Amino acid sequence: MSTARALDVSNLPDAVLDSRSLVWWGTLIMTVIEGMVFAISVGGYFYLRNLASAWPPPSVGPPDLTAPTVNLGILLVSAIPAFLLDRAGKEKNARKVRIYLAWNLVFGTAFLVVRYWEFKALHCMWNQSAYASIQWTILGLHTTNLLTSLAETGIVLVYIMLRPIEDHHFLDARLDGVFWYFIVVTWIPLYVVVYLVPRFG
Amino acid sequence: MKRIFVAAVFAANGCAYEALDRASPEASAITNLHWLIFWICVAVWVLVLAFLAVGLVRRGSTAAQDDRRRTLVVAGATGVSALLLLVMLTASVITGRAVATPAGPGALEIEVTGHQWWWEIRYPSSVSDRVVVTANELHVPVDRTVRLRLATNDVIHSLWIPNINGKKDLIPGRATSLTFRPRRIGTFGGRCAEFCGYQHAKMGLLLIVQPPADFEAWLDQQRQPSVEPAETALEHGRDVFLHGPCATCHTIRGTAAFGHKAPDLTHLASRSTIAAASLPNTIGHLAGWVVDAQRIKPGNRMPPNLLSAPDLLDLVAYLRSLR
Amino acid sequence: MSSPAEKAPREKAPGDSAEERERAELARTWRKRSGKLGLLFSVDHKTIGKRYIITAFVFFLVGGLEAAAMRLQLARPESRFLNPDIYAQVFTMHGTTMMFFFAVPVMLGIGLYLVPLMVGTRNVPFPRLNAVGYWFYLMGGVLLYGTFVMNRGPDAGWFAYVPLSGNAYSAGHGMDAWVQIINFTEVSALIVAASLIVTVFKQRAPGMSLNRIPLFVWAILITMIMVIFAMPAVIFAAGSLNSDRSLGTHFFNPAEGGDALLWQHAFWFFGHPEVYIIFLPALGMVSSIISASTRRPIFGYTAMVLALVATAFLGFGLWVHHMFATGLPQMGEAFFTAASMMIAIPTGVQIFCWIATLWGSRPRWDVPFLFVLGFFFTFVIGGLTGVMLASVPVDLQLHDTFFVVAHFHYVLIGGAVFPLFGGVYHWFPKITGRMLGRTLGIWNFALLFVGFNLTFFPMHELGFHGMPRRVYTYSPDRGWNGLNLAASLGAALMAVAVALFLINVFRSLRRGARAGENPWNAETLEWATSSPPPAYNFVRIPVVASRSPLWDREGGGFVTGMPTDKRLLLVTHALDAEPSHREEVPGPSVNPFLISLTMGLGLIGSIFWLWWAVIGAFVSIPVAFLWYWTEEEP
C-alpha cells in the first residue's frame, strides 16, 4: 500500500481574470466556431466566383466603397474603447468598466446603423443572384455576431448598473472586449472579400 | 482463378453478373482493377483476424524485450499496409487514366437528357430532319467509341449501364459526359443511380449494341415521321390520342401531337419496353399503362386515363402500329 | 462473472467522521432540485449525459423500426407494403434519425458522462449551457417526428441533394423541418464540444499531464475538436438551403449563378468528418474495454494518440470521394483517392496496437470483450470495402448501389455500434450500480453478430449485381430476390438481438447483481468512486502520477483545501495539470430550459412564418438577462 499524497490547494485564488479562466476558454472556442463559419462562407464565395463568368453580374456593378470604408473606420476606432474596457476589467476598476461598456455600446450601435448603408452599397437584393445571396450572407453573418455582442454588452452593462460588481463581472467585461476584438479582426478580411474583390479581384 | 470464381458465382446466381460481365474495354479495366483490390483486401482481412486469433489464445509475457519485438511488428505491419495502399492507389490512378481517355473526333455523339423519371435520347445532326429523338433506348454500333453528352433540367440523375462503364451524374446547370466503346453485340440494362424522386427505382433504359449496318438501318427508320394509320380502327386510335390529354405531353412526329414533357412516341412500337424499361412493350402492359399508370408507377407524371373499351383497344392498336 | 474487484486500500483520512462531514457538505452543495419540476433544472453532467444516452437509444429503436419497414418492403420484389412516397420518407427518416439523432448524440452523452469522471473533476465548466444543448436536441427530435407522423416528413434523403430538396421539387414543410433540425442538433453538438474541450484541457486532476490522459478521453477530445470544425460547414449548407427555400436566394440555382454541387461540397465537407465524429469515440471505448479485459495498458500509447489525431485530420480531406460520379477533374479525384486510402494507415496502426496489447494476455472473455471481437471482425471488412470505394474507377461502378449501403453499415455498426454496446455493458455498472446479465448479454451479442452479417453481407453482392440504392422496389427478374430476402431475415434477427438487449437492461435495473466501485478492475478514474457516483463525483479530487491511476497508485493521492460550501472546480494548467485556481460554476436553473424554448420555438415557427425566428430571438433576450441575473444562485 502506498502512502497517499495530500495536495493542499487552499491558497489558490478563487477567481482569475485572464486566459486561465474556464469562461475565457469557452469564449475562445466560440470565436473559433464563428471564425470557421466565416471561413466556410468565404470558401463558398470564391467557389461561386470561380464558376461565374463575371463577378459581380454585369447588371449589378461593383459595390460602393463610401459607406463600407467609413464603417471600417468606425470599427477600427471602436477597438480603442474595447481595449480600454479590457484594461479596466483587468485592473478591476468598476467605474471605468461602466464607462467603457457604455462607449462600446455607443460605437457598436453607430457601426450597426451605418451597416444599413453597407447593405445598400451592394446594389442588389439577396434574391436576385447567387452573387447577391453570398454577399448578403457574409454581411448578415457578421451583423448577427455584432447584434449578439451588443446584446451581451447591454446585458452586462444593465446588470452592473443595478447590482454590486464582483470579480467575475470584471472577467465578463474583459471577455466583452475580447469578443469585440473578434468582431473587428474578422471584419477586415471580410471587408476585402465583400467590397474589394468584386471591384479589383 | 478469377474466371473460375466468376463462373461459379454466375452459376450460383444464374443470371448476368452485370458489372463484372464486361462488354467494353472500360468495364474490363475497371473489373481487373476491382479484382486486384479485392484480393489484396481479402488477404489483409484474413491476416488481421489470424493474428488476432493467435494472440488471443497464446500465453505471453509483458517483458521489455517483448515490447521491442511488438514495436517492430506493429511498425512492420504499418509499413506493409502503406505499401499495399500505394500499390492500390497506383493501379487505381492508372486505370482511371485508361478509362477516361477523351473520345476523339470519330466518336458517335448522343445527347441524353434525364427527366423525372425517363431518359430522353437524341441523336443530333446538322440537318434538322435527320435528328432522331427517342426515349429510354440507346442504340449504338459495335466497336465504335460513343460519347454520351449528359444534361438535365430538373434534378440530379445518374446514368449507369454496368456492363459498359461506371456511372456519371446528370446535374442541372452542368454538362457531363460518359464515353465508352462497346465490344459485344447485345442488349444491356441501365438505370438511374441517383435518388431523383418517387420513381427513381423504375427509371431504367436499354442499351442495344448492334452491327453497324443494323444501326444505320435503325437510325434511318427512326428519322421517318410516324406511320400513317392503315385502317379505320387505327385512325380512330389516333383520334383518341390527339383529342385526349396525350398530346399535351407526348410527341408523335407527323401528327399534331407536339408535347415535350413526356417520351417521344413516334416509333414506340420499335422499342422493346415501355415506362422507362420497367415493362415489356406488349398490348396488355401498354393498355394497363395508359389506363392507370399511377398503379404501376405511383407518383409518376402520367395521369390515369379512363377510356371506354373500344377507345382503349383502338388507341393501343394505333400505338402498336408506330414502328 | 468478472473476477472479484480488487480494491486497493482506500486512503485513510484523519478521522472518518471528518470525511463524513465532507461528504454531507458536498452532497448539500451539489444537490439537485427535487421533484418532477426539478428535472427541468438539472445541470449535472451525469444527468444530462444519461438523458442524451437514453434519448439517443429511443431514436435508435425508432430508426430501427424504420429500417425494419424498409427491409419488409424490400424482402420481396414489387411489394406493395410501402408506396414510393412513404418509402422515401422512411429512408430519409432512417438516415436522419440514425446519423443526427442517435449516433452523434449517444457518443456526446457517453463522453459527457464519463470524461469529467475520467479526468477527476466534478462537473463540466458551463453546466447551464450544457443543459441547453440537451433541450435543443430534444426539440429537434420532436420537430422531425412531428412532421413525419403527419405524413409530411422530409423525403429527399438524409443528404438532401439539391435541386430535389429545393422548393421546386420538395414543396411543403417536410424539407423546411429537416433544415431546422440541423440547427438544433448542430448547436447541441457544439455546446457539448465546447464543454468537453475545456474540461479536458483545464480541469484534469493534478498530475494528469497530457501524456497521462486515458485514450478514451483523447478520443473524445479529438472528436470534439472535429465537431468545432465540421459543424460550421453544415450550418452554412443548411442555412443556404433554408434561405434558398424561404428567402429566394440562389446558392443552388444554376440559372442565377448558383450550383447544385455547392450543396454537395458543403454537405460532405461536414458529412465525412461526421462519420469520424461517430467513429472515434467508439475507438476510445475499444481501448478502455481491451485494457480492462487484458489487465494491460494499451500498447503504443503515443502511436495510438497520434493515430487518432491523424485520422481526425485526414478525415477533413476526404469529402470529394462522395462525389466521384459528378464529373470533377481527374487530378482532384486522384488526390481524394490517395487521402481516402491513406486514412486506413492510422486506423491500421490502432488495430495493430490493440492486437499487440491482446497478444498473450489471456483476456477475460466478458460481454464487453465479445463486442470488441465483433468490432474487429466487422469493422475491418467495412474499412477494406472503403479502400475499394476509394478507387475512382471501382467507385464509379459501386457508387449509389447496395455495396455502399453494406460498406457504411459495416463501418458504422461494426465500427461504432458494436463498441457502443460493449461500452454499455462495460459502463452500465458504473452508471446504475448494477451489472447487466451475462447470459443474456452473450445471446444479445451472438444474435446481433449473426443478424448483422446476414443482413449486410449480401448487400455487397447486390451492389455487384447492379441494385441501386434508395429504391422502393425492384423487378423480380433481376436476380436480386434471394439476397434481399436473406437481408430482411437478418434484419429480423437483429431486431430480436436488440429486444434481448432491452430486456437485459430492464431486468438488470431491477435485479442485476450489485456492482462495487470497480467490478472490472479497470485502470481509469471513473472506477475510483461509487457506482453510481455521487452528484459531486469524488469526495476528494484525486492526484495522479501515472496513466493507470487505479493500477499504479505510487505517487498518487488526493487534493485537500478545496472549500465544500460552494460549487467549486479545481482548474489546472493545460499541459501539465499543475493546480492553477478554483472557479465557481452555477447550479441548477430553469433558464436553460426557458431559453431553449424561446429560441427553439422561434426556429420551429420560422418554418411557417419567417418572422417567428426574429421574435424568438427578441424574446430570448430577457431570458438571457434573467439567466445572467441568477448566475450566482446555488
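The values are calculated or read from the model by the stated rules, or taken from the named source; none is laboratory data. Not measured: the values here are computed from a predicted model. Neighbour counts run over all protein chains shown; Cβ positions are idealised from the backbone, glycine included.
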(request) Looking only at segment C:517-534, decide whether some residue is farther than 30 Å from C:L454 by Cα and within 14 Å of chain A (Cβ to nearest Cβ). (result) yes
(request) Might you let me know whether segment C:206-221 holds any residue that is under 30 Å from C:G555 (Cα atoms), out of contact with any His (no Cβ under 9 Å at 6 or more places or on another chain) and within 14 Å of chain B (Cβ to nearest Cβ)? (result) no
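Each row is one residue, and each column tells you yes or no for (1) surrounded by 23 or more Cβ atoms within 10 Å (Cβ to Cβ); (2) at the interface with another protein chain (Cβ under 10 Å from one of its Cβ atoms).
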position: C:S246; (1), (2): no, no
position: C:T249; (1), (2): yes, yes
position: C:A266; (1), (2): yes, yes
position: C:P273; (1), (2): yes, no
position: C:L280; (1), (2): yes, no
position: C:S288; (1), (2): yes, no
position: C:L306; (1), (2): no, no
position: C:T337; (1), (2): yes, yes
(message) Being of a type in the set (A, V, I, L, M), closer than 15 Å to C:G271 by Cα and surrounded by fewer than 24 Cβ atoms within 10 Å (Cβ to Cβ): is that true of C:A233 here?
(response) no
(request) Name the single residue, out of those in segment B:145-167 being part of a strand (DSSP E or B), among the hydrophobic types (A, V, I, L, M, F, W, C) and more than 9 Å from chain C (Cβ to nearest Cβ), that is nearest to B:A293 (Cα to Cα). (result) B:L159
(request) Filter segment B:111-144 for residues that are buried (at least 24 other Cβ atoms within 10 Å of the Cβ) and assigned to a loop (DSSP other than H, G, I, E, B) and give the result. (result) B:W117
(message) What's the total number of residues in segment C:399-443 that are more than 14 Å from chain B (Cβ to nearest Cβ) and either more than 21 Å from the chain's Cα centre (by Cα) or aliphatic (A, V, I, L, M) (or both)?
(response) 18
(request) List every residue pair whose Cβ atoms lie under 8 Å apart, where the two residues are 6 or more positions apart in sequence or sit on different chains, the first residue falls within segment A:34-54 and is more than 9 Å from chain C (Cβ to nearest Cβ), and the second residue, located anywhere, is surrounded by fewer than 17 Cβ atoms within 10 Å (Cβ to Cβ) and assigned to a helix (DSSP H, G or I). (result) A:V42/A:P189
(message) If A:I80 meets every condition in (1) touching a helix residue (DSSP H, G or I) at 6+ places or on another chain (Cβ under 8 Å); (2) more than 26 Å from C:P254 (Cα to Cα) apart from one, which number is that one?
(response) (1)
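Given the structure, is C:F377 surrounded by fewer than 23 Cβ atoms within 10 Å (Cβ to Cβ), of a type in the set (F, W, Y), within 10 Å of chain B (Cβ to nearest Cβ) and more than 23 Å from B:V99 (Cβ to Cβ)? Break it down into steps so the answer makes sense when it comes.
Details: surrounded by fewer than 23 Cβ atoms within 10 Å (Cβ to Cβ): yes; of a type in the set (F, W, Y): yes; within 10 Å of chain B (Cβ to nearest Cβ): yes; more than 23 Å from B:V99 (Cβ to Cβ): yes.
Considered against the rule, which asks whether it is surrounded by fewer than 23 Cβ atoms within 10 Å (Cβ to Cβ), of a type in the set (F, W, Y), within 10 Å of chain B (Cβ to nearest Cβ) and more than 23 Å from B:V99 (Cβ to Cβ), C:F377 comes out as yes.
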(request) Quick one: count up the residues across segment B:86-110 that are part of a strand (DSSP E or B) and surrounded by fewer than 18 Cβ atoms within 10 Å (Cβ to Cβ). (result) 2
(request) Look at segment B:191-215 and say how many of its residues are touching a residue at least 12 places away in the same chain (Cβ under 8 Å), at the interface with chain C (Cβ under 9 Å from one of its Cβ atoms) and not basic (K, R). (result) 9
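Which residue, of B:I283, B:I252, is within 29 Å of B:G186 (Cβ to Cβ) and either outside the structural domain of B:P162 (by TED's automatic domain parsing) or modelled with pLDDT of 95 or more (or both)?
B:I283
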(request) Identify all residues within segment A:11-24 that are at pLDDT 90 or above, facing another protein chain (nearest Cβ under 7 Å) and surrounded by fewer than 20 Cβ atoms within 10 Å (Cβ to Cβ); write none if there are none. (result) A:L12, A:P13, A:R20
(request) Mind listing whichever residues of segment C:72-89 are surrounded by fewer than 22 Cβ atoms within 10 Å (Cβ to Cβ), aliphatic (A, V, I, L, M) and within 30 Å of the chain's Cα centre (by Cα)? (result) C:L72, C:I86
(request) Name, by its number, the condition in (1) touching a Leu at 6+ places or on another chain (Cβ under 6 Å); (2) more than 19 Å from C:A617 (Cα to Cα) that does not hold for A:T153. (result) (2)
